[in-house]
Amino acid sequence: MKNWKFLTASAALVLMLAACGSEEAETPKTDEPTETGASTEAGETEVAEESAFPMTVSSLTSSRETEDGASITFEDITLEEQPERIISFDYGFLDTLDALGVEGIVGVAANGGKGNIPEHLKEKYAPSDEIADVGTLKEINFEAVAAANPDIIFISGRQSPYYEELKEITPNVVFIGSDNSNYIDAVYETVDLAAEIFDKADKAEELKAGLQEKVDAVKEKAAGYENALVAMYNDKKISGFDNGPDSRFAYVYNDFGFAPATTDIKASSHGSDFSYESLLSVDPEVLLIVDRTVSDVETIKADIENDIIKQTRAYKEGKIVYLDGTNWYFSSNGITTEADKLQEILDELK
């Protein structure tokens, strides 16, 4: 009969304690990583950093209607790792990436060196062996895009009709355009999006705080005027803009704080044609002129400040402000270009 199966409880307990004591005494120190971190040679534990990737990224607008009435839906993308090769068709977003210190730009819409890239970025992002010229804002050079082998492509409204074609080159295409409602918040959204992807959160907060200071300063300045009108000069023609939802420059009223001199302008992203007589009839206290031609200020002054305009309140009080067309028309939404736009107003309306 096998009596070892019937050991008393006391005997079993003694044996168990003895075994535990022996095991504890013989267990050596180890440098193997634990569940909470990795062990150093000195036996200290370092907490392992948790990777942000894979990361799901959403476009800032889920869908968009093109000029011909077609509807485009922008899909979420999943980034397995941080992108190292970047194409930005949007000059404003290129400005934001640069301000954050993001490296790896391999393509911009340089238009053979003739693109309206912000002045402070022209030299750095000129076409070279490292940076491809991928076309214009509206005409994409798909061969150049493919040859640049991008990990991610950022687009805005002008390139949205080519969304599906760009996805054939890389599925990681992100639409960073937004409408004019809550304009400054939308700028901050683009900064946060870039900061999340490229791990630049601290720099993003610094840049947003700096821009908000200028927004607040312009709002304070705007409160001192009865009204204002934003107009755009383009090849001797004038377009007017109010604060309507489809107005390209509605944010000047809604976010920068200027009261509109009129709200009776046909809704359009390109504004409504204005004669000089129309400007006189509106008679704004402040007249903000966006130079669409990106020409010399003295050249457009000669056209605009004619005998009719000289009768306006804005002219008489020295409140006609000429605004840089590159920043205002071609590269809006950039964290630096927006700060520059606000500074223009502050400098002129002293």
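The values are calculated or read from the model by the stated rules, or taken from the named source; none is laboratory data. Note that this is a predicted model, so its numbers are computed, not measured. Cβ atoms come from the backbone with ideal geometry, glycine included; neighbour counts cover every protein chain shown. For accessibility, only protein heavy atoms count, side chains too; no ligands or nucleic acids. Shrake-Rupley method; radii C 1.70, N 1.55, O 1.52, S 1.80 Å.
Each other residue within a Cβ distance under 13 Å of Glu65 adds +1 if Lys or Arg and -1 if Asp or Glu, for a net charge of -3. For segment 90-153, the solvent-accessible area of protein heavy atoms averages 45 Å² per residue (probe radius 1.4 Å; ligands and nucleic acids excluded).
Once the 1.4 Å probe is applied to the protein heavy atoms, segment 183-229 comes out at 48 Å² accessible per residue. Cα centroids of segment 137-202 and segment 72-97: 4 Å apart. Less than 5 angstrom separates the built amide H of Phe274 from those of Ile238, Ser239, Gly240, all sequence-distant by 5 or more or on a different chain.
For segment 128-243, the carbon plus sulfur part of the accessible surface works out to 42%, probe radius 1.4 Å.
Of all DSSP-defined beta bridges confined to segment 220-350, some 40% are antiparallel rather than parallel.
In this model, which of Lys114/Lys203; Lys203/Lys350; Lys237/Lys350; Lys167/Lys200; Lys236/Lys310; Lys114/Lys138 are farther than 21 Å apart at the alpha-carbon? Beyond 21 Å between Cα atoms: Lys114/Lys203; Lys203/Lys350; Lys237/Lys350; Lys167/Lys200. For Val294, the residues 5 or more places off, or on other chains, whose built amide H falls under 5 Å of its own are Gly325. What the phi angles of segment 335-343 give under the Karplus curve with 6.51, -1.76 and 1.60, with θ = phi - 60°, is a coupling list of 5, 7, 5, 5, 5, 5, 4, 5, 5 Hz, glycine and proline written as x.
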